[in-house]
Each structure stands twice: as C-alpha cells, then as structure tokens.
Amino acid sequence: MKNFIRLILAGFGLLLFISVTEAQNKESDLVTVCFKSSMDCHECELTLTNYLKFEKGVKDLKVDLASNTIKLVYKSGKNTPENIAKGIKKKGYEANSISEDEYKKLLEDKTTKQK
C-alpha cells in the first residue's frame, strides 16, 4: 500500500514539473514587435485593432492613437514582424518598426504632453 501511495505522489510530482516546464516554454515562445504608425483618428485606431487582433498567433495587442504606436505580442512560428507590417500597410497605414525602448519613450512623451 505504501508503494502505491508513493507511486501516485511521484506521478503527481512529475505532472506538476511537466506543467511548469510547459508554461515556461510558452512564455519564451512569445515575440514582441512595436511600430510607429500614421493613424489620425479614433476610427483608424479601431480599424487597426480589429484587424490585428485576428492576425495569426496574436496574444496581446495595444494600438494607441495618441502616441501613434502599435505594440503586438505574438507566438513565435505563427507570424513574423514583416507579415504584421504588411498587414498594417494593407489597411493603409505606415508601419515603421521601432524598438520597445522607443515605444516606451513615445508613451512617456504622450503622458507628459497630456499633463
């Protein structure tokens, strides 16, 4: 009976280890891309949001009219920055790739201007 309980506990331990490892792998498979765009109204922001949220692999999306930026997190292997930029351009907007640091600075500048 003791061996049976040990076996069950070992199985649960193994399952827990596997699920933690899977969760870590899923996080490391995510890619973040940022773009400076050419939106000029709320409708532009909605158009891009509604279009990009259905791009393959998208896990998180922030389209901001005030800073004219787009930040998108997608699953690696499901999409590429080039394809995302192509989709933005297809909708009629600029898609100039920027770093996450540039993205953060643009958001900070937007906040400073609003004060």
Quiz item: Could we say that S67 is assigned to a loop (DSSP other than H, G, I, E, B) and either more than 14 Å from the chain's Cα centre (by Cα) or surrounded by 14 or more Cβ atoms within 10 Å (Cβ to Cβ) (or both) here?
Solution: yes
Quiz item: So which of E27, E55, E22, E108 ends up being among the charged types (D, E, K, R) and either surrounded by 16 or more Cβ atoms within 10 Å (Cβ to Cβ) or at pLDDT 95 or above (or both)?
Solution: E55
Practice problem: Return the pairs, sorted by first residue and then second, in which the second residue is in a helix (DSSP H, G or I) and modelled with pLDDT of 95 or more, the first residue lies in region 72-84 and is crowded, with 18+ Cβ neighbours inside 10 Å and of a type in the set (F, W, Y), the beta carbons are less than 8 Å apart, and the residues are 6+ apart or on different chains. | Solution: Y74/I84
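On the basis of being free of Cβ contacts under 8 Å to residues at least 60 places away in the same chain and closer than 20 Å to D29 by Cβ, does I88 make the cut? Steps first, answer last, please.
Working: free of Cβ contacts under 8 Å to residues at least 60 places away in the same chain: yes; closer than 20 Å to D29 by Cβ: no.
So I88 does not fit the description; no.
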Practice problem: Please go through region 28-71 and pick out each residue that is out of contact with any strand residue (DSSP E or B) (no Cβ under 7 Å at 6 or more places or on another chain) and touching a residue at least 40 places away in the same chain (Cβ under 8 Å). | Solution: S38, M39, C44, T47, Y51, D64, A66, S67
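The values are calculated or read from the model by the stated rules, or taken from the named source; none is laboratory data. Computed from a prediction, not measured in an experiment: that's the story for all the values here. Virtual Cβ from ideal backbone geometry, glycine too; neighbours counted across all protein chains shown.
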